Amino acid sequence: MSTAKLKIGIIGCGGIANQKHLPSLAKLTHLGEMVAFCDIVEERAVKAAKEFGTEQARVYVDYWELLQDESIDVIHVLTPNLQHSFITVAALEAGKHVMCEKPMAINSVEAKKMLEASKKTGRKLTIGYQNRFRDDSQVLYTACRQGEFGDIYLAKAHALRRRGVPTWGVFTDKEQQGGGPLIDIGTHALDLSLWFMDNYKPKSVTGSVFHKLADKFEGNMFGPWDPKAYEVEDSAFGFIKMENGATIFLECAWALNITDTREAMTTLCGTEGGAEMKGSPAIGKGELVFNSAKYGKLVETKATTGGGIAYFDAGAEDPGVKEARQWLESILNDTEPLVKPEQAFVVTQILEAIYESARTGKTIEFE
């Protein structure tokens, strides 16, 4: 590994920056240091620089000025979804490697520009799907690659909240975000399912999108929202058929009248067995259940966080830190990041197709 430290620039100093990226990078100063911060609200950039930057960290309100700094190696794009594509392309063309927060872009046209810019410039690009780095995800991925479940022909991608509408930032602004829970949390569940199945060839998509609970904010975990400013869907569902016949059912909601909530999880069904993610893995209380038939009986094998259970550790490192480490090391060692932009592009295509199918009432066919 190279012993040089990477110089990191942050574009977007809002919620996701302060919740995930900045605290994670702050634990990896032996690999890289944050030397520049940019936000259209200068006070946010100043605050982030003081808390997470080097002593000489610079502050910008114009990302173009930040990109002119030739000493910066890496850019983290942590803005609302609408800005992902053009900032990422500009950063790649400026010779920077880019980590872009999920989703890749608001549509596949913009995502393709990012993919092409990465290939043209030779700079690395990855997308912020940190749930791949959870312990249960890593175990399940290994089991899939070792053929534990045989031919995986069915998956359910779960991203369901009972009342969990984010009431800060621009989450309910359709122009800025491109959509609601489908593009926000559905993207994580779909990414996991495709990754476990190692299947990135969709054939057709049928989708339903609902705007039913925009004024039903009672009990929302983040407090009440303004119904007049609620421009996105509250739930969405997709039926995805792959070229090899495998099928994925994607269910996602910020608000839905259910009690069984699951977010960033999947259920897999194969010819030799299956697996289900349950519990709350994001807060260290996940449960991974393998099922099969052995010795003439139906068998379930559980691996649960805590208590010294195999594969898991209650004090396990945060997935955001693992994500950041693997990303920085991929640059220093010139290896591939775990989340490849080509994979994230397919996720974007499918999400876009669900919205389009819901809008037109038709099944969307892929070429």
**Message:** Considering only segment 303-319, I want to know if a residue exists there that is assigned to a strand (DSSP E or B), modelled with pLDDT under 95 and over 15 Å from the mean Cα position of the chain (by Cα).
**Reply:** yes
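Restrict the check to segment 160-177 and report whether at least one residue is among the hydroxyl-bearing types (Ser, Thr, Tyr) and closer than 23 Å to residue 251 by Cα.
Filtering segment 160-177 for residues among the hydroxyl-bearing types (Ser, Thr, Tyr) gives 167, 172.
Among the residues that remain, those that are also closer than 23 Å to residue 251 by Cα are: 167, 172.
Yes, that holds for at least one residue.
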**Message:** Cβ-Cβ under 9 Å, sequence separation 6+ or interchain: first residue in segment 327-351 and farther than 25 Å from residue 204 by Cβ and among the hydroxyl-bearing types (Ser, Thr, Tyr), partner in a loop (DSSP other than H, G, I, E, B) and open to solvent by 30 Å² or more (accessible area, probe 1.4 Å). Which pairs?
**Reply:** 330/124; 330/336; 330/338
**Message:** Between a residue in segment 208-227 that is at positive phi and any residue that is surrounded by 15 or more Cβ atoms within 10 Å (Cβ to Cβ) and basic (Lys, Arg), which pairs come within a Cβ distance under 9 Å, given they are 6 or more apart or on different chains?
**Reply:** 219/162; 219/163
**Prompt:** Taking segment 319-350 only, how many residues are of a type outside the set (S, T, N, Q) and either touching a Phe, Trp or Tyr at 6+ places or on another chain (Cβ under 7 Å) or open to solvent by less than 10 Å² (accessible area, probe 1.4 Å) (or both)?
**Reply:** 14
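Taking residue 243, is it within 18 Å of residue 142 (Cβ to Cβ) and open to solvent by 40 Å² or more (accessible area, probe 1.4 Å)? Break it down stepwise before answering.
Working: within 18 Å of residue 142 (Cβ to Cβ): no; open to solvent by 40 Å² or more (accessible area, probe 1.4 Å): yes.
No: the conditions fail for residue 243.
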**Complete:** Within segment 153-184, residues being open to solvent by 20 Å² or more (accessible area, probe 1.4 Å), of a type outside the set (D, E, K, R), on the phi < 0 side of the Ramachandran plot and over 17 Å from the mean Cα position of the chain (by Cα) number 7
**Asked** residue 105 fails exactly one of the following numbered conditions: (1) closer than 30 Å to residue 288 by Cβ; (2) among the small types (Gly, Ala, Ser); (3) surrounded by 24 or more Cβ atoms within 10 Å (Cβ to Cβ). What is the number of that condition?
**Response** (1)
**Request:** Take segment 7-31 and flag every residue that is under 21 Å from residue 318 (Cα atoms) and of a type in the set (A, V, I, L, M, F, W, C).
**Result:** 8, 10, 13, 16, 17, 22, 25, 26, 28, 31
**Asked** Counting only residues that are in a loop (DSSP other than H, G, I, E, B) and more than 26 Å from residue 139 (Cβ to Cβ), which one in segment 177-214 is modelled with the lowest pLDDT?
**Response** 214
**Prompt:** In segment 243-297, which residues are within 24 Å of residue 346 (Cα to Cα) and aromatic (Phe, Trp, Tyr)?
**Reply:** 249, 254
**Message:** Give all pairs with beta carbons closer than 6 Å in which a residue from segment 6-31 that is among the basic types (Lys, Arg) meets a residue that is part of a loop (DSSP other than H, G, I, E, B) and at pLDDT below 95; count only pairs at least 6 apart in sequence or on separate chains.
**Reply:** none
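Out of curiosity, is residue 47 within 25 Å of the chain's Cα centre (by Cα) and either modelled with pLDDT of 95 or more or within 12 Å of residue 324 (Cβ to Cβ) (or both)? Lay out the reasoning, then the answer.
Numbers: within 25 Å of the chain's Cα centre (by Cα): no; either modelled with pLDDT of 95 or more or within 12 Å of residue 324 (Cβ to Cβ) (or both): yes.
Spelling it out, it is not the case that residue 47 is within 25 Å of the chain's Cα centre (by Cα) and either modelled with pLDDT of 95 or more or within 12 Å of residue 324 (Cβ to Cβ) (or both).
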**Lone qualifier among 276, 231, 251 - being touching a residue at least 40 places away in the same chain (Cβ under 8 Å) and open to solvent by 40 Å² or more (accessible area, probe 1.4 Å)** = 231
**Request:** Enumerate the pairs (first residue in segment 136-148 and surrounded by 16 or more Cβ atoms within 10 Å (Cβ to Cβ); second residue anywhere and of a type in the set (Val, Ile, Thr) and assigned to a loop (DSSP other than H, G, I, E, B)) with beta-carbon separation below 8 Å, excluding pairs fewer than 6 apart on the same chain, so at least 6 apart or on different chains.
**Result:** 136/305
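Under the condition of being of a type in the set (A, V, I, L, M) and buried (at least 19 other Cβ atoms within 10 Å of the Cβ), which residue from segment 48-71 is farthest from residue 14 (Cα to Cα)? Steps first, please.
Just the residues of segment 48-71 that are of a type in the set (A, V, I, L, M), to begin with: 48-49, 57, 59, 61, 66-67.
Those still in the list that are buried (at least 19 other Cβ atoms within 10 Å of the Cβ) too: 48-49, 57, 59, 66-67.
Details: 48: 9, 49: 12, 57: 17, 59: 14, 66: 17, 67: 19 Å.
Across segment 48-71, the extreme among qualifying residues is 67.
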**Message:** Among the residues that make up segment 123-134, is at least one of them touching a Gly at 6+ places or on another chain (Cβ under 9 Å), open to solvent by less than 30 Å² (accessible area, probe 1.4 Å), under 18 Å from residue 345 (Cα atoms) and assigned to a helix (DSSP H, G or I)?
**Reply:** no
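The values are calculated or read from the model by the stated rules, or taken from the named source; none is laboratory data. All values derive from a computational prediction rather than experimental measurement. Cβ sites come from the backbone with ideal geometry, for glycine too, and all protein chains shown count toward neighbours. The area values use the complete protein model at the heavy-atom level, side chains included, leaving out ligands, DNA and RNA. Shrake-Rupley method; radii C 1.70, N 1.55, O 1.52, S 1.80 Å.
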